[in-house]
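Have a look at the structure below before the remarks.
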Amino acid sequence: MDRYDVFVIGGGGTGSEVAFQLGGRGGIKLGIAERDKLGGECNHYGCVPTKVMLRSAKIAAQARDAERFGVRVPSVEVDFLAVRRRVRDVIDSQSGEGAAPFERLGITVLMDEARLIGPHRVEMADGTQIEADRIVLTTGSEAAVPPIPGLADGPHWTNKEAIWKPDRVPSSLAVIGTGAIGMEFSQIYARFGSQVTALEILPQILPLEDEEAVVSLVPAFEEEGIRLMPGVTVERAEHDGGAWRISLAGGGHLEVEEVLVAAGRRPVFDVHDLDAAGVKLDTRGRPVLTETLRTTADHIWAAGDATGELLFTHVGSYEAELVVQDILGSPRARDYRVVPRVTFTDPEVASVGLTEAQARDAGHDVRTGIVRFEDSDRAHIDGRTHGLVKLLADARTGELLGGHIVGEEAGAMIHEVVAAMAGRVAPVVVGQAIHAYPTLSEAVRGAFLQIQEG
């Protein structure tokens, strides 16, 4: 029976980062198992392919809008299969070497399903068993399908099928769930030519984002013909072999060619005997973790999407560092106070920290600074005036509590706010700093000045 000092179950972004960091130090017998593709969900079915598709969709939208800028493009056609070939090319450029980078560091790679069956015991799908002193669970997450009668019986899409299944653009698409995944795919397929309806049970699209930020985004989507339906309940979904009928509470219904489910994700632990290993889950199916990401079995860690908490690749990389430090005897407690998030729609939606509602619920006397891009020279130059910069601070202490940006390159601009929050920089410092003209970042400076001035 093979024995390892550390064995990682899951070769996605987080698991790979744990393995690379430990493997680069030497002196540790290290193995990693992956049941599908090295690189995991983000690289093959999530972050990377969706951003490639979004780029193609944005170029198509810009070409259609070109005449507004004095440029005539006679016709715009989307070659869906060519877009998907580029998706494959980009993925291959990032992970085309397969196991080779691991093996160069002396890491054993097992391309098979690994099942935790005891405190230190792992069983591979072929029955081979492995002993490990320490085990890291980076088993990722999968799309959660809501219990809508009839939905599971039909050929609905998740993010995986939306990328790899169709060989053409559907005439119509219903998207159930309007978080980041749902809204990104809504815009992708709308710009590719589908009639898209986005359905959300909660009162607003992008439910985790600040209400005022979302309000500034909605007109951009509606102008593209995307039908947004927040605050609706899907009572039933029926597939007749050719199309879907979506029945809504109150008597309304939709008839669409395809349905995409983007209603959240859940950690994947189904194949593991967690009880035998001493790993406990909470009532939401998430592992109970210490501040250094140890499970209830002291020698087993969980990180990345497997935690069921902040499902971002950059958080997974951060958590990989925490696990490695703990394994090497230099533990550091996790700290999620400053975690940026970006929805890569057009315009982008970027945020960090608390929304205004969250800040008020937490008891803060909130001071806000808001600059709308309709007041930005750069936004008018670019012909893109939807969106805003909104900052929140505690009125008593002046500490920055959160930032929200909707606009072109919001995902890049938010990091000025991230740096200020991380360093607990006084808003006046950023507000008084010279920002280049004409840039959208001047709006960030303006929001900082508003907070300081009260």
Exercise. When the residues of segment 436-447 are filtered to those that are within 30 Å of the chain's Cα centre (by Cα) and of a type outside the set (A, V, I, L, M, F, W, C), which remaining residue is surrounded by the fewest Cβ atoms within 10 Å (Cβ to Cβ)?
Worked result: Thr439
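Kindly indicate whether Arg378 is at negative phi, basic (Lys, Arg) and outside any loop (DSSP other than H, G, I, E, B). Talk me through it step by step, then tell me what you get.
Values: at negative phi: yes; basic (Lys, Arg): yes; outside any loop (DSSP other than H, G, I, E, B): yes.
Answer is yes for this residue.
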Exercise. Which helices (runs of 4 or more DSSP H) does segment 11-68 wholly contain that include 2 or more residues that are touching a Lys or Arg at 6+ places or on another chain (Cβ under 8 Å)?
Worked result: 40-45, 47-64
Problem set entry | Options Ala132, Ala99, Ala82: the member that is closer than 30 Å to Ala302 by Cβ and within 30 Å of the chain's Cα centre (by Cα) | Ala99
For this session: Taking the residues in segment 433-454 that are modelled with pLDDT of 95 or more, aliphatic (A, V, I, L, M) and in a helix (DSSP H, G or I) as candidates, determine which candidate is farthest from Asp377 (Cα to Cα).
Result: Leu449
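Look through Val315, Val256, Val261 and report the one residue that is β-branched (Val, Ile, Thr), in contact (Cβ under 8 Å) with a residue 60 or more places away in the chain and surrounded by fewer than 22 Cβ atoms within 10 Å (Cβ to Cβ). Explain how you work it out, then say what you get.
Working: Val315 fails: in contact (Cβ under 8 Å) with a residue 60 or more places away in the chain; Val261 fails: surrounded by fewer than 22 Cβ atoms within 10 Å (Cβ to Cβ).
From the options Val315, Val256, Val261, the qualifying one is Val256.
Those residues that are closer than 26 Å to Ile381 by Cβ, surrounded by fewer than 20 Cβ atoms within 10 Å (Cβ to Cβ) and touching a residue at least 12 places away in the same chain (Cβ under 8 Å), I need them from segment 30-64; list them, please. Outline the logic, then answer.
Quick first cut of segment 30-64, residues closer than 26 Å to Ile381 by Cβ only: 51, 54-64.
Those still in the list that are surrounded by fewer than 20 Cβ atoms within 10 Å (Cβ to Cβ) too: 51, 54-55, 58-64.
Of everything in segment 30-64, those that are closer than 26 Å to Ile381 by Cβ, surrounded by fewer than 20 Cβ atoms within 10 Å (Cβ to Cβ) and touching a residue at least 12 places away in the same chain (Cβ under 8 Å) turn out to be Lys51, Leu54, Lys58, Ala60, Ala61, Ala63, Arg64.
Let's see how each residue does on (1) in a helix (DSSP H, G or I); (2) surrounded by fewer than 23 Cβ atoms within 10 Å (Cβ to Cβ); (3) of a type in the set (Ser, Thr, Tyr); (4) not assigned by TED's automatic domain parsing to the domain that holds Gly363:
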position	(1), (2), (3), (4)
Lys390	no, no, no, no
Ala393	no, no, no, no
Gly403	no, no, no, no
Val406	no, no, no, no
Met413	yes, yes, no, no
Ala419	yes, yes, no, no
Arg424	no, yes, no, no
Gly431	yes, yes, no, no
Problem set entry | Residue within segment 143-162 that is of a type outside the set (D, E, K, R), under 14 Å from the mean Cα position of the chain (by Cα), buried (at least 21 other Cβ atoms within 10 Å of the Cβ) and in a strand (DSSP E or B) present | yes
Exercise. Could you count how many residues in segment 106-137 are part of a loop (DSSP other than H, G, I, E, B), closer than 22 Å to Leu322 by Cβ and among the β-branched types (Val, Ile, Thr)?
Worked result: 1
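The values are calculated or read from the model by the stated rules, or taken from the named source; none is laboratory data. Since the model is a prediction, treat every value here as computed from it, not as a measurement. Ideal geometry is used to build each Cβ from the backbone, glycine not excepted, and the neighbour counts take in all protein chains shown.
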